[in-house]
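Just below is one structure, and these are the notes that go with it.
The values are calculated or read from the model by the stated rules, or taken from the named source; none is laboratory data. Small disclaimer: the values here were computed from a predicted structure and weren't measured. Note that we place each Cβ from the backbone using ideal geometry, even for glycine, and neighbour counts take in every protein chain shown. Only protein heavy atoms, including side chains, enter the accessible area calculation; ligands, DNA and RNA are left aside. Shrake-Rupley method; radii C 1.70, N 1.55, O 1.52, S 1.80 Å.
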Amino acid sequence: MWSNLWPSRKKSLADTVAAYRAVVRRSHESSPVDVAHGAAASAAASPVPDAMRAEASKHVGVLKAALFGDLPAEVPPKPEDVELLTAEAVDGDLLALLAGHLRLLEFEASKDAVLVFNNLLRRSVGGRTAVARVASDGVLATLVGGYEVNALALNCGSMLRECLRHEPLARALLWSPLFWRFFSLVGVADFDVASDAFLSFKEALTRHKAVITAFMSDRLDPFVSAYNGLLSSKNYVVRRQSLKLLGEMLVERSNFGLMTHYIASAENLKIVMNLLLDSRRNIQFEAFHVFKVFVANPNKTPPVRTILAKNKDKMLSYLNDFLPDRDDEQFHEERLMIMDEIRSLTP
């Protein structure tokens, strides 16, 4: 059966790529769809004919076999096939075709398309990679748009995170209006889609330190405003994940600008103090790790110091019996240190 995936002698691998491109072209002629415009565009498209889906899936299977070889039989791929596919990715539109037309593929073939896309994006030919081509072909817009179509979302998310491994693509996303869509995507009704979107959101904000530092310097106020919206979400998972990520970002050395800006604000402190009083213990725990940064700051702004001092007795009483059942020695040590700092505050 495996042999059926390999191009015959009469049909080269280049012919297979061309044939796949032709299927995509026919699909546009019969039912135009642009994944980048999301679920509405996909829903408006006519169902993909079974024959077209089978043909497109077969071509993708050939690409996977050529790139990875016959793994069960331990037959490695042919170097010339790998080089040809890499060249198609670097100089052609192969990655854009794979990312933008998952709807044409059968379930297993769509997963194969992700494998091929992710692998080729890591390769180079003649010292060149496909990163520039991905940036210019609108692939990021296609992948972010894929989150609006539940059937495509997880595969698009996997490819997007592969893109974010590359600094130029992470920079392109952060400075694009596409990034701000994640503040809505992380709270969509479908739990799996929302969780995957948050993984991509976190990847964009944590992988490339220098890029993130520059982004925060350039977009700090709108970022904090949008992020506080996540902390105020009615969605428990969004609040918890966002608090946890914020706590991690604030103590990251490269995020010094974000940290000093965030903990200088009395309004931000009020948000975090309210979350510290949340009825959910996991929310309380994550909120504490943000709250402690405000308290431990030796250069508190007057408004922040005033709020902490004014609520000194209430906070000490609350923290004295705060999450007593939590089996976390470091947490309890930090709790006592924060209480000592609060005791030292004067109005």
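Computed quantities for the displayed model
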item: Length added when fully stretched, GLU108-ARG165, from 0.36 nm per residue minus Cα-Cα; result: 18.1 nm
item: Enclosed volume per residue, in Å³, of the convex hull spanned by Cα atoms of region 137-264; result: 93
item: The chain pair-distance distribution - Cα-Cα, 10 Å bins, rounded %; result: 5, 22, 25, 19, 14, 10, 5, 1, 0
item: Pairs beyond 21 Å (Cα-Cα), from LYS234/LYS310; LYS270/LYS310; LYS270/LYS292; LYS209/LYS300; result: LYS234/LYS310; LYS209/LYS300
item: Within-15-Å neighbourhood charge of ALA54 [Cβ basis; K, R +1; D, E -1]; result: -1
item: Dipole axis of the chain (+1 Lys, Arg; -1 Asp, Glu on Cβ), positive-most option in ASN274, GLY138, PRO76; result: ASN274
item: Reference-scaled alpha-carbon Rg (2.2 N^0.38 Å with N residues) for region 224-346; result: 0.99
item: Cα-only Debye scattering, region 181-254: base-10 log of I(q)/I(0) at q = 0.17, 0.19, 0.23, 0.26 Å⁻¹; result: -0.63, -0.78, -1.13, -1.37
item: 15 Å beta-carbon shell around SER279, net charge (K/R +1, D/E -1); result: +3
item: Size of charge dipole - region 203-347 - debye, nearest 20, with Cβ of Lys, Arg +1 and Asp, Glu -1, no other charges; result: 420
item: Helical mean residue ellipticity (222 nm; -39500 (n - 2.57) per DSSP H run of 4+; nearest 500) of the chain; result: -21500 deg cm²/dmol
item: In degrees, nearest ten, helix 329-343 long axis to first principal axis of the chain (Cα); result: 40
item: Principal-axis tilt of helix 266-276 within the chain, Cα atoms, nearest 10 degrees; result: 80
item: Relative contact order (percent, whole number), region 191-312, Cα cutoff 8 Å, 6+ residue spacing; result: 22
item: Lys, Arg +1 and Asp, Glu -1 on Cβ, resulting dipole of the chain about Cα centre, debye, nearest 20; result: 640
item: Heavy-atom accessible area ranking, 1.4 Å probe, most first, across SER176, SER184, SER200; result: SER184, SER176, SER200
item: Stretchable slack from ARG343 to ARG253, in nm (0.36 nm times residue separation minus alpha-carbon distance); result: 29.7 nm
item: R0 of 45 Å, Cβ-Cβ distance SER136-ALA266: FRET efficiency to nearest 0.05; result: 0.50
item: Centre separation in Å (Cα based) which lies between region 327-347 and region 189-236; result: 29
item: Theoretical gain in end-to-end length, LYS314 to ASN274 [0.36 nm per residue, Cα-Cα removed]; result: 13.1 nm
item: Those lysines that a straight Cα-Cα span of less than 17 Å connects to LYS111, excepting residues fewer than 8 apart in one chain; result: LYS58, LYS64
item: Crossing angle, helix 209-231 versus the chain [Cα axis fit, 0-90 degrees, rounded to tens]; result: 70
item: Semi-axis lengths, Å, region 130-208, gyration tensor of Cα atoms, sqrt of 5 times eigenvalues; result: 19, 13, 10
item: Inter-part distance where region 120-178 and region 74-117 are each reduced to a Cα centre, Å; result: 14
item: Local electrostatic count, PRO298, Cβ distance below 12 Å [Lys/Arg +1, Asp/Glu -1]; result: +1
